[in-house]
1. Out of the residues in the range 90-99 that are modelled with pLDDT of 95 or more and surrounded by fewer than 13 Cβ atoms within 10 Å (Cβ to Cβ), which is farthest from residue 62 (Cα to Cα)?
2. Of the conditions (1) over 18 Å from the mean Cα position of the chain (by Cα); (2) outside any helix (DSSP H, G or I), residue 116 fails just one. Which one is it?
3. Which residues, taken from the range 178-205, are in a loop (DSSP other than H, G, I, E, B) and either of a type in the set (Gly, Ala, Ser) or surrounded by fewer than 16 Cβ atoms within 10 Å (Cβ to Cβ) (or both)?
4. May I ask you to list the residues in the range 31-71 that are within 14 Å of residue 149 (Cα to Cα) and not in a loop (DSSP other than H, G, I, E, B)?
5. Suppose we keep only residues that are of a type outside the set (Lys, Arg) and touching a residue at least 60 places away in the same chain (Cβ under 8 Å) within the range 57-69. Which one would you say is surrounded by the most Cβ atoms within 10 Å (Cβ to Cβ)?
6. For residue 63, indicate whether it is modelled with pLDDT of 95 or more and on the phi > 0 side of the Ramachandran plot.
7. Residue check, residue 25 against (1) under 13 Å from residue 154 (Cβ atoms); (2) at pLDDT 95 or above, all met but one. Which one?
8. How many residues does the range 150-169 hold that are in contact with a Gly (Cβ under 8 Å, 6 or more places away or on another chain) and part of a helix (DSSP H, G or I)?
Amino acid sequence: MGSGTDNTAYLAGDLVLRVSNGPDVAREARLLQLVAPRVSLPVPTPVVVDEAGGVLAYPGLPGRPLLGHTPAPGHARALGRFLRELHAIDATGLAPVDDDDPVEWLADLDGPADLLRVVEATVPPLAGQRVLAHADLGAEHVLAAGAELTGVIDWSDAAVTDPALDFARPYRDFGPDFLAGLLAAYGPDAPDLPRIRWYARCAALEDLAYARRSGRTAYGAAARRSLSWLFPLV
């Protein structure tokens, strides 16, 4: 099925077999068991957990990833509701706490010098709020079938962290109108736009670099498209 930074996925009949390059699959399975009944979108339901081999297997969810596709009008509303539900879950002991200062992201960023200067000049302060977040909610991890969202996959980066992270990649991948719908559905406790934009800019640079390294052109194309709204004055 494909591979990423943390995992390689295979299809075995009706099961998705995911082999991890590092994250704790047993803890991820326990987290998914906690999350599943508390959110309005499907998440993987592990049926095999091999901690020693780093293997997690679950019945495949319907739909296809939204990477390279235009979201339907109701998708932002559904994802915003999902995020509100997710961020209300107490995951103490089941998800690592990420309290890194945003300035630490700069060390790993690569990209055009003019874009890097913008990111370096707009680093937000350390977040005061921490919630359970998916933390890698790019289009490749959101499944859809027509007008319906059908699942959110790949929870290996989930952490108790800055809620803005879960808005950043949808903003990068789907644009400002989608973000507006996402924020409206989430409600008044949503993170502020400058913070979301900063993480989205970092995520765009990350995907540009990933596309160069891996040759996965869909990621590069999506990231380049996002530069028009993330760096409009550059």
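The values are calculated or read from the model by the stated rules, or taken from the named source; none is laboratory data. Fair warning: this is a prediction, and the values are worked out from it, not measured in the lab. Neighbour counts are summed over all protein chains in view; Cβ atoms, including those assigned to glycine, are modelled from backbone coordinates with ideal geometry.
1. So the residue we want is 97.
2. (2)
3. Residues satisfying the conditions are 187, 188, 189, 190, 192.
4. Across the range 31-71, the qualifying residues are 64, 65.
5. Filtering the range 57-69 for residues that are of a type outside the set (Lys, Arg) and touching a residue at least 60 places away in the same chain (Cβ under 8 Å), the one surrounded by the most Cβ atoms within 10 Å (Cβ to Cβ) comes out as 66.
6. So residue 63 passes the test.
7. Checking residue 25 against (1) under 13 Å from residue 154 (Cβ atoms); (2) at pLDDT 95 or above, the one that fails is (2).
8. Summing the residues that are in contact with a Gly (Cβ under 8 Å, 6 or more places away or on another chain) and part of a helix (DSSP H, G or I) in the range 150-169 gives 1.
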